[in-house]
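Some notes on the structure that comes next.
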Amino acid sequence: MLEGKRIVLGVTGGIAAYKAVEVSRRLIDAGAHVVPIMTAGAQKFLGTATLSALASEPVQTELWNNATTPIPHTKIGQNADLIVVAPATARLIAAYRMGLSTDLLTNTLLATRAPVVVCPAMHAEMWEHPSVVENIAVLRERGVHIVEPTEGRLAGGDIGKGRLADPASIVEAAARVLGPNDMEGTSIVVSAGGTREPIDAVRVIANRSSGKQGYAIAAEAASRGASVTLVSTASLPAPYGVKVLQVETAAEMKVQMERTAADHDIIVMAAAVADFRPVKPAGGKLKKHAGPPEITLEPTPDILAELGSAKREGQIIVGFAAETDDLLSNASKKLSAKKLDLIIANDVSASRVGFGHDTNAVTLVRPDAEPVEIDLASKRDVARAVIDVIVTIRNRH
Ligand code: CTP
């Protein structure tokens, strides 16, 4: 995702400084070379040894007294592909806005042409203070990418907006800034997770889908500049920049998908939609002493087939085929029956493939091209291959 990218990770003095270690680890896992800088304030919360050990090179803290590079800030700034400041205090944000170069980090920020991602973390009152609000607005106007803090329990024990965004979102933001942006100007809606159909007030018919593949596709599309909506039954963290609409049943998913599909260019049905649902779910809880219930099922609407039939000119419709036998022939039948541009076929009986796993192996089948096999890979890598094909289809339209 970030292979070969040189990313300066600036850490400032907030209680969330310890989370910079996780940000650094994730950036390195994504292939980046992490150059860490800590301010004096950051060192009150996190030892330089910890970050030095886990980043790609030792932490730098000093503008002066650097034996190897007399002017480190210009070198660091010029060589960077990206600067991420996480956490960013109100003070750093103000200094950056004003152009105050008081230490190595602020100097580096002023001496770079690389894009900058600022991830504020502070107390809710500070985040809402007019001076911080104005400073953030000015930085945004200048093209600085802001990863907003999230709501939650703050250092003082109270609850509000001010927690550092989670490290995964920060890495997503970095990928988005440095990504190919070949989905810019495109809107995509992805469904994810398994639907749950009520039997009674407490029981449901469900399936083993985790939603991970749909979320990975949404995250990948967003990192490449698309405007993304997820219609989801899963309770996974929302990928950075993705709007999530929560649903539970096939009927709810149909309503949201139809509503959303009307103004989206690309539709990806990654959800495992129940094919049957109880005709009349009991309002209360079925009691054991009444004996085994007779549950009569009825078919659910095929959301994807209906979206395929109602397809607009230029719209791209993508489905999944979860199979245990005759993978390619079954997938091809679904491709034509549901009028799809692409179907992602997976053999859900294979090990580490499909439902619930972090990995997947799929075959991408299109009406007018040779099938493309993607061997066992992370769901994010599979998502990348899927979006690559979608971009190819879109460019042909
Ligand atoms: N799908 C849907 N609505 C349904 C059932 C399935 O939109 N009621 C979508 C799924 O999201 C998937 C595709 O159709 O993208 C194929 O789903 P799959 O379960 O593989 O196949 P089915 O069409 O349900 O057929 P079968 O269960 O017989 O394999």
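The values are calculated or read from the model by the stated rules, or taken from the named source; none is laboratory data. Predicted, not measured: the structure shown is a model, and the values here were computed from it. For neighbour counting, all protein chains shown are included, and Cβ atoms are generated from backbone atoms with ideal geometry for every residue, glycine included. Keep in mind that these areas ignore ligands, DNA and RNA; they rest on the heavy atoms of the full protein, side chains included. Shrake-Rupley method; radii C 1.70, N 1.55, O 1.52, S 1.80 Å.
Give me the net charge of I217's neighbourhood, meaning all other residues with Cβ under 13 Å from the Cβ of I217; Lys, Arg count +1, Asp, Glu -1.
Result for the local shell: +2.
Using the Kirkwood radius over C-alpha pairs as Rh, can you work out the diffusion coefficient of region 187-396 via Stokes-Einstein at 25 °C, viscosity 0.890 mPa s, in µm² per second?
140
How large, in percent, is the carbon and sulfur part of the accessible surface of region 187-396 at a probe radius of 1.4 Å?
Whole-percent figure for carbon plus sulfur exposure: 52.
Please report the accessible area of D158 (heavy atoms, 1.4 Å probe, ligands and nucleic acids excluded) in Å², nearest 10.
60
I'd like the orientation of helix 250-261 relative to the chain: the angle between its Cα long axis and the longest Cα principal axis, in ° from 0 to 90, rounded to 10.
60
Would you work out what percent of the accessible area of region 6-178, with all protein chains in place, is carbon or sulfur (probe 1.4 Å)?
Carbon-and-sulfur percentage of accessible area, whole number: 53.
If I stretch the segment between D200 and L54 completely, what's the gain in nm (0.36 nm per residue apart, minus their alpha carbon distance), one decimal?
Full-extension gain reported as 47.5 nm.
Could you compute the FRET efficiency for D368 and F276, with r as their C-beta to C-beta distance and R0 at 41 Å, rounded to 0.05?
The formula returns an efficiency of 0.75 here.
Need the C-alpha centroid separation for region 354-369 versus region 92-135, integer Å.
The two parts, judged by their Cα centres, are 43 Å apart.
Counting only heavy atoms of the protein chains, get the accessible area per residue of the chain (1.4 Å probe) and round it to a whole Å² value.
Per-residue accessible area for the chain comes out at 47 Å².
Amide H of L297 versus every other amide H placed in the peptide plane: which residues, excluding those fewer than 5 positions away on the same chain, fall under 5 Å?
V279
With axes computed from alpha carbons, what is the tilt in degrees of helix 167-178 against the longest principal axis of the chain, rounded to the nearest 10 within 0 to 90?
Value to nearest ten degrees: 80.
With the cut-off at 19 Å, tell me which of the pairs K5/K243; K19/K379; K212/K379; K212/K243; K5/K212; K243/K338 have Cα atoms farther apart than that.
Pairs exceeding 19 Å: K5/K243; K19/K379; K5/K212; K243/K338.
Mind jotting down a quarter of the surface of the convex hull over the alpha carbons of the chain, in square nanometres, one decimal?
Mean projected area for the chain: 23.7 nm², to one decimal.
Give the lysines reachable from K288 as a straight Cα distance under 24 Å; neighbours fewer than 8 places away on the same chain don't count.
K280
In the full protein assembly as shown, how much of V133 is accessible to a 1.4 Å probe, in Å² to the nearest 10?
Answer for V133: close to 80 Å² accessible.
Once label points are set 7 Å from the Cα along Cα→Cβ at both L328 and D375, what is their separation, rounded to one decimal in nm?
Placing both labels 7 Å beyond Cα along the Cβ direction yields 1.8 nm.
How far, in nm, would the chain grow between I393 and S235 when pulled straight, counting 0.36 nm per residue and subtracting the alpha carbon separation?
Once the chain is fully extended between I393 and S235, it gains 53.8 nm.
Tally Lys/Arg at +1 and Asp/Glu at -1 over every other residue whose Cβ is under 12 Å from the Cβ of L376; what's the total?
-3
For the chain, what does -39500 (n - 2.57) per DSSP helix run (n ≥ 4), summed and divided by total residues, give at 222 nm, in deg cm²/dmol to the nearest 500?
-10000 deg cm²/dmol
Against the longest principal axis of the chain, how steep is helix 212-223, in degrees 0 to 90 to the nearest 10, with axes from Cα atoms?
Taking Cα atoms only, the helix is inclined about 50 degrees.
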